[in-house]
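Some notes on the structure that comes next.
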Amino acid sequence: MNPFIERYSQLGWDYTETKMRESLWVNTSKIRVEELKARLEKKRIILKKIPFLEKGFLVESKRFSLSSTQEYLQGFFHMQEAASQLPVQALQPKGLVLDMCAAPGGKTAQIALQAEAVVALESQQKRMQALLNNLERLGIKNCIAYNIDARKFEGVEFDKILLDAPCSGNCAKDRRWFSKQTISNFEKNSKIQKELLSTAYDLLKEGGEILYSTCSLEPEENELVVDWAIKNLGLKTMKLDSYGSEGLTQIFNKKLSEEIKLCKRIWPSQTQGFFMAKLKK
Amino acid sequence: MQKNLAKPNPRILHGETKKMIQTFIQKFTQEKIEYTKIGSKYFLATKSLIQIKDKIKITPLLVGLYLGEEKEGKFAPSLALLEIIAKTSTNKVFIKDIGEMDFIYGKKLRSRHILKIEGETKVGFLKLIQNEHDENLGLGKISKEIKEGGTIIKNKMDRGDFLRREMD
């Protein structure tokens, strides 16, 4: 048996193959939702509201790629998988916000549309261009972007921080995921994720909030990282009113802090796999 | 569909060596745009963004909205700048739906594509290209006067560039 599927079974999920569905969010700073829907319907592109998202829609039917439409090029919407739209909604951005791993910029733009200002960091130069392109297309005016590893960033304190951490991804997102991954990859990622969380703690104002998220299903990159942050950084988990099930407090033979239940774990079904934790300093 | 998009024309336009962005904007509108310059790039940035920038020791790649840059002594506007100046400009060409895709694929505009021209119609003039919703599609240059028929406006830059950049 596939060792990952066996692990998921132990964690309480019976693996089922999931197909990713195309989703988007509407840039209401540029167009009203009803107007966009009507314009796309004329092109036989039908959108359906995603119940757990404020501005998110599922693409029910289409005749061609949405990213070649005039409405996309005008920045009226951004293509983003449904679960990936959740972290910013859960963060409730306000004041000065840091996006630690920003490319390709969908979440950065979501933050910018709500916060006073956003500082976007991206360590990979080749991903930086996608971030800049999306911010220009979406007409974002209140973002500063740096090409830097977030672990080396300093100089400003933030009201809120989004740490959508680099992770191993998940099997719904990538068909060849099972053949690419090993447990040791999760451990390597976990080390980086803890370092990033530690930096996030240092850059956060007292009373500020961090939204930690990954698109991984692996506890080494999720609950175990948050458990570490509670015990080593003194961060407190906060309640998340969001789609998804409770975070796991029993990981194989290890018992974690009860606070972890406040996190949200999304097993692939209506969306890809995802994990979120809201943490307060 | 995306793969067939033509390569864009170079996004470099003539300007003066000093205050190139102002010279460019004045071709289209009297609106004053407050900008900040980092290296050769121009940005639309609020005071609070500048204050944040000043606290951070490293140089940002973006501060606010990217408006364009100087390249080889010329000014290359951004699509975001065209969108801003189109709001107050009367130097525009409005095109029909049928011309919209042709234009964003980098093609020339012909008389059958054109709905209305505002402002100058002389050969060599730059025009903001707008769709029927008055949304900016890019920038064109009049290459033949309307009365002569045939090709009228050459594509200088267009919003299809966002897609071409994604494919690079």
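The values are calculated or read from the model by the stated rules, or taken from the named source; none is laboratory data. Every value quoted in this text rests on a predicted model; they were computed, and no experiment measured them. Virtual Cβ from ideal backbone geometry, glycine too; neighbours counted across all protein chains shown.
Looking only at segment B:61-77, which residues are surrounded by 22 or more Cβ atoms within 10 Å (Cβ to Cβ) and out of contact with any Asp or Glu (no Cβ under 6 Å at 6 or more places or on another chain)?
At the first step, the residues of segment B:61-77 found to be surrounded by 22 or more Cβ atoms within 10 Å (Cβ to Cβ) are B:62-68, B:75, B:77.
B:Leu62, B:Val63, B:Gly64, B:Leu65, B:Leu67, B:Gly68, B:Phe75, B:Pro77, listed by residue number.
Taking segment A:165-204 as the range and being at pLDDT 90 or above, assigned to a helix (DSSP H, G or I) and more than 22 Å from A:Leu235 (Cα to Cα) as the test, the residues that pass are A:Ser184, A:Asn185, A:Phe186, A:Lys188. Across segment A:10-24, the qualifying residues are those that are farther than 13 Å from A:Asn170 by Cα and more than 18 Å from the chain's Cα centre (by Cα), and the one among them that is surrounded by the fewest Cβ atoms within 10 Å (Cβ to Cβ) is A:Asp14. Considering only residues that are in contact with an Asp or Glu (Cβ under 8 Å, 6 or more places away or on another chain) and modelled with pLDDT under 90, which ones fall in segment B:18-42? Within segment B:18-42, just B:Met20 meets the criteria. Could you tell me whether B:Glu120 is at pLDDT below 95 and over 30 Å from A:Ile144 (Cα atoms)? Spelling it out, B:Glu120 is indeed at pLDDT below 95 and over 30 Å from A:Ile144 (Cα atoms). Among the criteria (1) more than 20 Å from A:Ala200 (Cβ to Cβ); (2) out of contact with any strand residue (DSSP E or B) (no Cβ under 6 Å at 6 or more places or on another chain), the one A:Ala83 does not fulfil is (2). For segment A:1-53, the set of residues classified as within 23 Å of A:Asp241 (Cβ to Cβ) and modelled with pLDDT of 95 or more consists of A:Ser23, A:Leu24, A:Trp25, A:Val26, A:Thr28, A:Val33, A:Lys48, A:Lys49, A:Ile50, A:Pro51, A:Phe52, A:Leu53, listed by residue number.
Tell me, which strands (runs of 3 or more DSSP E) wholly within segment A:43-95 include 2 or more residues that are more than 22 Å from the chain's Cα centre (by Cα) and surrounded by fewer than 14 Cβ atoms within 10 Å (Cβ to Cβ)? Steps first, answer last, please.
On the way: elements: A:46-49, A:56-61, A:77-79.
Filter on segment A:43-95 gives A:56-61.
In segment A:123-148, the residues that are touching a residue at least 12 places away in the same chain (Cβ under 8 Å) form Cβ pairs under 8 Å with partners that are assigned to a strand (DSSP E or B) and of a type in the set (S, T, N, Q), at six or more places apart or across chains, as follows: A:Ser123/A:Asn147; A:Gln125/A:Asn147; A:Met128/A:Asn147.
State whether one or more residues within segment A:197-210 are closer than 26 Å to A:Leu24 by Cβ, surrounded by 20 or more Cβ atoms within 10 Å (Cβ to Cβ) and in contact with a helix residue (DSSP H, G or I) (Cβ under 7 Å, 6 or more places away or on another chain). No, because not a single residue in segment A:197-210 is closer than 26 Å to A:Leu24 by Cβ, surrounded by 20 or more Cβ atoms within 10 Å (Cβ to Cβ) and in contact with a helix residue (DSSP H, G or I) (Cβ under 7 Å, 6 or more places away or on another chain). Of the listed requirements (1) assigned to a strand (DSSP E or B); (2) under 24 Å from A:Lys30 (Cβ atoms); (3) modelled with pLDDT under 95, B:Leu137 misses just one: (3). The sole residue among B:Glu69, B:Glu34 that is acidic (Asp, Glu) and either touching a helix residue (DSSP H, G or I) at 6+ places or on another chain (Cβ under 6 Å) or in a strand (DSSP E or B) (or both) is B:Glu69.
Every condition in (1) assigned to a loop (DSSP other than H, G, I, E, B); (2) more than 14 Å from chain A (Cβ to nearest Cβ); (3) of a type in the set (D, E, K, R) is met by B:Glu132 except one, and the failing one is (2).
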